[in-house]
1. Does the range 238-252 include one or more residues that are of a type in the set (A, V, I, L, M, F, W, C), crowded, with 21+ Cβ neighbours inside 10 Å and either touching a strand residue (DSSP E or B) at 6+ places or on another chain (Cβ under 8 Å) or closer than 30 Å to Phe366 by Cβ (or both)?
2. Across the range 432-464, what is the total count of residues that are at pLDDT 95 or above and either more than 17 Å from Glu301 (Cα to Cα) or of a type in the set (A, V, I, L, M) (or both)?
3. Say whether the condition of being acidic (Asp, Glu), surrounded by fewer than 24 Cβ atoms within 10 Å (Cβ to Cβ), outside any loop (DSSP other than H, G, I, E, B) and more than 22 Å from the chain's Cα centre (by Cα) is met by at least one residue in the range 339-346.
4. Can you pull out every residue in the range 288-314 that is aliphatic (A, V, I, L, M), surrounded by fewer than 22 Cβ atoms within 10 Å (Cβ to Cβ) and assigned to a loop (DSSP other than H, G, I, E, B)?
5. Between a first residue in the range 1-24 that is part of a helix (DSSP H, G or I) and a second residue that is surrounded by 12 or more Cβ atoms within 10 Å (Cβ to Cβ) and polar (S, T, N, Q), which pairs have beta carbons less than 6 Å apart while being 6 or more apart in sequence or on different chains?
6. Of all residues being modelled with pLDDT of 90 or more and of a type in the set (S, T, N, Q) in the range 561-594, which is farthest from Leu624 (Cα to Cα)? Just the residue, please.
7. Restricting the search to the range 489-515, which residues are surrounded by 24 or more Cβ atoms within 10 Å (Cβ to Cβ) and either of a type outside the set (A, V, I, L, M, F, W, C) or closer than 21 Å to Glu671 by Cα (or both)?
8. Among the numbered criteria (1) closer than 25 Å to Tyr108 by Cβ; (2) in contact with a Ser or Thr (Cβ under 9 Å, 6 or more places away or on another chain); (3) not aliphatic (A, V, I, L, M), which single criterion is violated by Thr30?
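The values are calculated or read from the model by the stated rules, or taken from the named source; none is laboratory data. Treat the numbers as computed from the prediction; the structure is a model and nothing was measured. We place every Cβ from the backbone using ideal geometry, glycine too, and count neighbours over all the protein chains shown.
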Amino acid sequence: MKDFLTKTIDLHHGDSEEKRREILNYFEKTWAIDEKLYSQLRSDDEFYHRGDPLRHVILFYLGHTAVFFINKLMLCKIIDTRINPEFESIFAIGVDEMSWDDLNEKNYCWPSVQAVREYRDIAKKVVIDVIVNAPLVLPIKWEDPFWIILMGIEHERIHLETSSVLIRQLPINDVVPGLFGEICKEKGLAPKNEFLPVSGAELKLGKEKNHKLYGWDNEYGQYTEKVNDFLTTKFLISNGEYLDFVNDKGYHRPDYWTEEGWNWRNFKQAEMPLFWRRNGDNFKLRLVAEEIPMPWNWPAEVNYLEAKAFCNWKTAREGKTFRLPTEAEWLRLTELCSVPDKMEWSTAPGNINLEHYASPCPVNKFQTGDFFDVIGNVWQWTETPITGYAGFKVHPMYDDFSTPTFDGKHNMIKGGSWISTGNEATRHARYAFRRHFYQHAGFRIVESETPIKIHKDEYETDRDVTISCESNWGDAFSSTENFSKQLADFILKTVKNKSIQNVLDLNADTGRLAFELAPHFQKVTALDVSARYIRIPIDLQEKGFIRYIVKDEGELVFYREVVLSDFGLGANMENILFMQDNANNLKPKYTNYDLIIVPNLLEELTCPILFLNQIHERLNTNGLLIIASTYEWEVNEVKREHWPGGFKQNGEPLTSFEGIQNIISEHFTLESTPINLPVSIRKSSRISEQKLSEVSVWKKK
């Protein structure tokens, strides 16, 4: 495989024309090794077979990597002519169990393999023409044309690996061995494994924005985690170790499995790992294109559900707590072992990057520090579902690379395998798969009593909540004035030089007003009647960021991330108490406030008049009541008898403001002339609703 060896590109340093030649070489080697992978199919007929029933036929992936280049180059307007619009549709999407993945064969009329090869030839020429002629300025940044070229190359290298897994699942008679590198010949009994200590540390996770290597969007951002001391296995779990679990009827004991795992086991009727073959007491191992006598000292290749069941089995047997490592624990292990990043290799320090074998190898062959296979051989399952770090931003040219996996159902694999190349073999690589999927993946075990912290940073998709998020935080993405920010500025001017410490915000919504006020008051209590809404600012308070999806046009969406620090907010967050409660029926404890704010709440209450008649009970003498309202009683279906105004009384018009004044004047005096503040509610990129909210200030007598 030496003719195909290369490393991912340094995008910052060197001469521009030399870098152009380097990228061209990287592209051509990537293209060639991808095509060589499919040479293992016995005939073109096998392209129409499925390796996995939840994936497309193999032909899809031959076409997909070429189509990806063309679609992305079209999207970012680097080219303006399609090669084959039909191909660029049917080969575009279909790599995971997502709602947009149509795996129904009735919906496809697959072209001939020869037609796909001819398409690839044309696409290759188009890409080469771009590489040769597009302007190239160093450093290459993710908005540059050459970033898209690198995106296509690294995408193809991902599929080099995932397609090899699909080919591995074809019937053995569909493939031809010996055409894709040399497999490892070393086989033997499993070495005795042992647990070794790993000292804890505080880790900073995330790739710097200006890093010199290409990165996928989920690699960027910042996240800090304290890792406690733990023990982990010297070796990856070998086939020999895993055999004990199989022989102990591990696949027949539901108490060892998670609910998800046991459902999968029953659905598949699994008795052992997918790539094991059994004939009586004899076992073989299926590789990509051949079967060999079982190498008991090679790593056991399983999915997450099987790895987790093994940990639970071992826990039950030994009375200790065993589990898989978290992402941070795995990173701590690499840090302790001083594993060099890819650009620092002279030779790969593990069975990775196709530098040593075209298969796994013994778990006791590649040592780094006191441990073996810290990187390489097979990927290592972790307990960590993938999500983005704080500061994560979707790349606009590939907005569905990461975000669909931020669903809590995709666990990370770390460390790379023997066939991991390009970005996959770098320190910051973050890849995740459904827990029942197979990759060239195994595991090592952690012994630790430290509870696992699972960070579920999924995108909010609740339509009403996301509209609220956009109203509260969307000024980061548009020039629209933000109502909560304007209201906060108005409040701070109004209360200047007044002794106000205890504040009540009676319509917390998704939190903007409370965060704006927190630095200026000792205590801000922010209430909302809906748990759907209040959990958003609570997440912001706990994590410093939130994510949500907003409608663009038609079926298109935008992925948003709000980071408090980007707004200059986050100071004194401990001053805020977010709680759920009904402003029309507040708990008695919400009292003795110096300032009560009612931001666009009256029109949402069941009975605004009742609220207005009682609110003075919550406020200290000389305290301030600030009411902001659009007076949209009919829109929110407030019953007519509960309106404070907005109708004729005794034949004369009674405005809502006048009605409010009539109700509360016994306990309040008007401090100043009301003002109007604009409210913009963005429902999509092309539809916004504009309102005016009248703001009045009242002082309790």
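1. Scanning the range 238-252, I find at least one residue that is of a type in the set (A, V, I, L, M, F, W, C), crowded, with 21+ Cβ neighbours inside 10 Å and either touching a strand residue (DSSP E or B) at 6+ places or on another chain (Cβ under 8 Å) or closer than 30 Å to Phe366 by Cβ (or both), so the answer is yes.
2. Summing the residues that are at pLDDT 95 or above and either more than 17 Å from Glu301 (Cα to Cα) or of a type in the set (A, V, I, L, M) (or both) in the range 432-464 gives 6.
3. Yes, because at least one residue in the range 339-346 is acidic (Asp, Glu), surrounded by fewer than 24 Cβ atoms within 10 Å (Cβ to Cβ), outside any loop (DSSP other than H, G, I, E, B) and more than 22 Å from the chain's Cα centre (by Cα).
4. Met294 - this is the single residue of the range 288-314 that is aliphatic (A, V, I, L, M), surrounded by fewer than 22 Cβ atoms within 10 Å (Cβ to Cβ) and assigned to a loop (DSSP other than H, G, I, E, B).
5. none
6. Ser565
7. Ile491, Val503, Leu504, Asp505, Leu506, Asp509, Thr510, Gly511, Arg512
8. Thr30 satisfies every listed condition except (1).
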